[in-house]
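Structure, as structure tokens:
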Amino acid sequence: MTEKFKTLFPVKSSLISLYIALTLPIPFISIEQLKITSVFFFILGLFLIINITNDYVETCDKKISYKTSLISRAFGKKNWDIFWKEIKSINSLPTSQGSKVFYFINKNGKSILVPQRIDKFDIFLKIVEEKTNISVEGLSYISPLWTYKLLTLLSFLTIFAEISFFWFRYYQY
């Protein structure tokens, strides 16, 4: 049976809203001759950020696969597959922010990053444990979900403030 795990919605929404918060003012502050160009690049960037947040993980009876879009691959992100029977262990390394990243280690010693920003993570971990007979205790999201939600909230507040500023600037006179 095949199971698909998409990128977590809070992760996607934080990245997309942050992009909008950081780039939305550009068309408003650009010189008149560049307004159309800046709107075009704003829309192009939005398309790219939405596209690259659509990566997903797929599991089946034989393997686990990480699938990226054509655009993600153009920026260097690669698809990968690893067969369940090849996974020898799962190792962790601390990050500079105090959390942990985990790697599948295959029989040849090659390491592949365990996806930690996917939906239905508990189901994913259950499948990994069943297929590899390796304990997944301690494996969790790379960052607490509240951090993505906070970033989304702050981004939306920034977007609201930017829109309010430009609204009052142009329509109060």
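Computed from the coordinates by the stated procedures, all read-outs in this text should not be read as laboratory data. Note that this is a predicted model, so its numbers are computed, not measured. Neighbour counts are summed over all protein chains in view; Cβ atoms, including those assigned to glycine, are modelled from backbone coordinates with ideal geometry.
Given a 10 angstrom Cα cut-off, can you work out which residue in E32, E86, E58 is the most mobile in a GNM of the chain?
Comparing E32, E86, E58 in the GNM, the peak value goes to E32.
Comparing T147, T95, T68, which has the greatest mean-square fluctuation in the GNM of the chain with Cα pairs linked when under 10 Å apart?
Maximum among the listed residues: T95.
Are there GluC sites (Glu not before Pro) in the stretch 124-159 that DSSP puts in a loop and that have at most 14 other Cβ atoms within 10 Å, and which ones?
E137
Only helices at least 20 Å long along their own axis, judged from Cα atoms, and with Kyte-Doolittle mean hydropathy of -1.0 or greater: name those in the chain from DSSP H.
9-23, 35-52, 145-171
Could you work out the helix-only [θ] at 222 nm for the chain, with each DSSP H run of four or more residues adding -39,500 (n - 2.57) and the total divided by the number of residues, to the nearest 500 deg cm²/dmol?
-15000 deg cm²/dmol
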